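Only one structure is covered here, and it is reproduced in the block below.
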Amino acid sequence: MIPLTVTVSPLENSYKVNEPSYLPWDLVCDNAWKVHIAKFSLLVGLIFGYLITGCIADWVGRRPVLLFSIIFILIFGLTVALSVNVTMFSTLRFFEGFCLAGIILTLYALRIELCPPGKRFMITMVASFVAMAGQFLMPGLAALCRDWQALQALIICPFLLMLLYWSIFPESLRWLMATQQFEAAKKLILHFTQKNCMSPESDIKGVMPELEKELSRRPKKVCIVKVVGTRNLWKNIVVLCVNSLTGYGIHHCFARSMMGHEVKVPLLENFYADYYTTAGIALASCLAMCVVVRFLGRRGGLLLFMILTALASLLQLGLLNRMSDSVKDKFSIAFSIVGMFASHAVGSLSVFFCAEITPTVIRCGGLGLVLASAGFGMLTAPIIELHNQKGYFLHHIIFACCTLICIICILLLPESRDQNLPENISSGEHYTRRPLLPHKKGEQPLLLTHAELKDYSGASSRTPRACTTRPRRAAGCPRAPRPMA
């Protein structure tokens, strides 16, 4: 949020928004639409950044994309503070969002690919808590800086420390092996052994000879477009894109119902109370995800939070019209809190789920699609505000219907808890869909696995069933009498 200074000119009878103090920007009355343009220019930059940097990271690697994104966000971020008009400000914010998308995407993929199966979700939640810590500190920094140029520079300066990531984070070894870049993988393994004071002859015996045999093979890189020819993988990605779009899109509906002009709560009229309420709900949602995913898994947790989102949305749309105003406001706040709580979890779990079930060769591309869908969901908020809240009720109804569709589609997703990451498209295609509830002891499952199917076919071929034929009775001949018991 950028603090704005509004001054009133009694002679001209007009309002001026001073941003910066030495150059007034007219952002009210007929020019109020420029404020909304400045708001969603960052979101549009994020959407394009997710789509483009995701494909580039799958082609050239995670590490180069991360480095270039950090360098250019420093350039564009510091240039934003020097904006002389709204047009320049909005344009630079677009490129700033583009570079920010590359940082978010590559760091997310590197965390997933560096962690073992049992630690992936925990490390992702730790990163979410660190991001929320920055969110809680933001109003305090804004209050201390007073001037928005100083706040912009203060926000961008920590990216200077991220330049050290080039020497801290290596390229993803998993991606190098999956794309058959065995020469670079061999150098990275030798680097790891030297850093850890290990002997290549004794500690990794058997690995290096295998790499030596494969050095002659050419690298095989894959684009996200290849997912169109798959049978199951593209369906999983589309389902998660719709889930992400719905979760982040309907979150604005609940936030507006709680803090908009329809519900008048004295506590929420304060900007800081409004901000910290939203951040506190997001923090509670992440804490609940840690517990739910541990017991129900990725698919069960996503299904539970989507059901809560659908119930809160449908009850808010259907039941509140039959209540008095005093009771309506209280129930609207309660349903909005539950909806914001659940929809935040839906969006976060959809992104994490996609990172686990998408193969390594196209993981950044798949993550880019789901994160771009989340950006489209968040983009609906400034668009509705641009049209002066017209169509808000229809907007809420459409997303409420999407939640019902998502509940059905989530059942089609596989479960990725405690499973190895798929490396190529063929391994991603064979991710099996398990039932939500385990089979009872002695219960026969409805679907057989591939191994069981082969065993069944082999047993049936070794012991063929005897087939007997009965001679037909000629026409006009009497039926032979049955033997007496």
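The values are calculated or read from the model by the stated rules, or taken from the named source; none is laboratory data. These numbers come from a predicted model, not from an experiment. Every residue, glycine as well, gets a Cβ built from its backbone with ideal geometry; the counts of neighbours run over all protein chains shown.
Quick look at the values:
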item	result
Criterion: under 25 Å from GLY45 (Cβ atoms) and assigned by TED's automatic domain parsing to the domain that holds GLU113 - qualifying residue of THR358, THR309	THR358
Residue list for segment 148-201, filter: in contact (Cβ under 8 Å) with a residue 24 or more places away in the chain and among the charged types (D, E, K, R)	GLU171, ARG174, GLU183, LYS186
Near pairs, Cβ below 6 angstrom, 6+ apart or cross-chain, from segment 285-307 (over 26 Å from ILE405 (Cβ atoms)) to any residue that is surrounded by fewer than 22 Cβ atoms within 10 Å (Cβ to Cβ)	CYS290/MET125
Selection count where residues are touching a residue at least 40 places away in the same chain (Cβ under 8 Å), surrounded by fewer than 17 Cβ atoms within 10 Å (Cβ to Cβ) and under 20 Å from the mean Cα position of the chain (by Cα), scope segment 393-408	3
Hits in segment 104-132 - residues which are β-branched (Val, Ile, Thr) and within 14 Å of the chain's Cα centre (by Cα)	ILE104, THR106, ILE112, THR124
Spans of helices (runs of 4 or more DSSP H) in segment 110-201 with at least 2 residues at pLDDT 90 or above and surrounded by fewer than 17 Cβ atoms within 10 Å (Cβ to Cβ)	120-145
Selected residue [crowded, with 18+ Cβ neighbours inside 10 Å, touching a Phe, Trp or Tyr at 6+ places or on another chain (Cβ under 6 Å) and not acidic (Asp, Glu)] from SER90, SER83	SER83
When residues of segment 259-273 are limited to those that are modelled with pLDDT under 75 and among the hydrophobic types (A, V, I, L, M, F, W, C), the one nearest to the chain's Cα centre (by Cα)	MET259
Residue under evaluation LEU137, criteria (1) out of contact with any Cys (no Cβ under 8 Å at 6 or more places or on another chain); (2) in contact (Cβ under 8 Å) with a residue 40 or more places away in the chain, criterion not met	(2)
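A quick yes/no check of all residues on (1) of a type in the set (A, V, I, L, M, F, W, C); (2) modelled with pLDDT of 90 or more; (3) under 27 Å from ALA355 (Cα atoms):
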| position | (1), (2), (3) |
| --- | --- |
| GLY229 | no, no, yes |
| ASN243 | no, yes, yes |
| TYR275 | no, no, no |
| ALA288 | yes, yes, yes |
| VAL291 | yes, yes, yes |
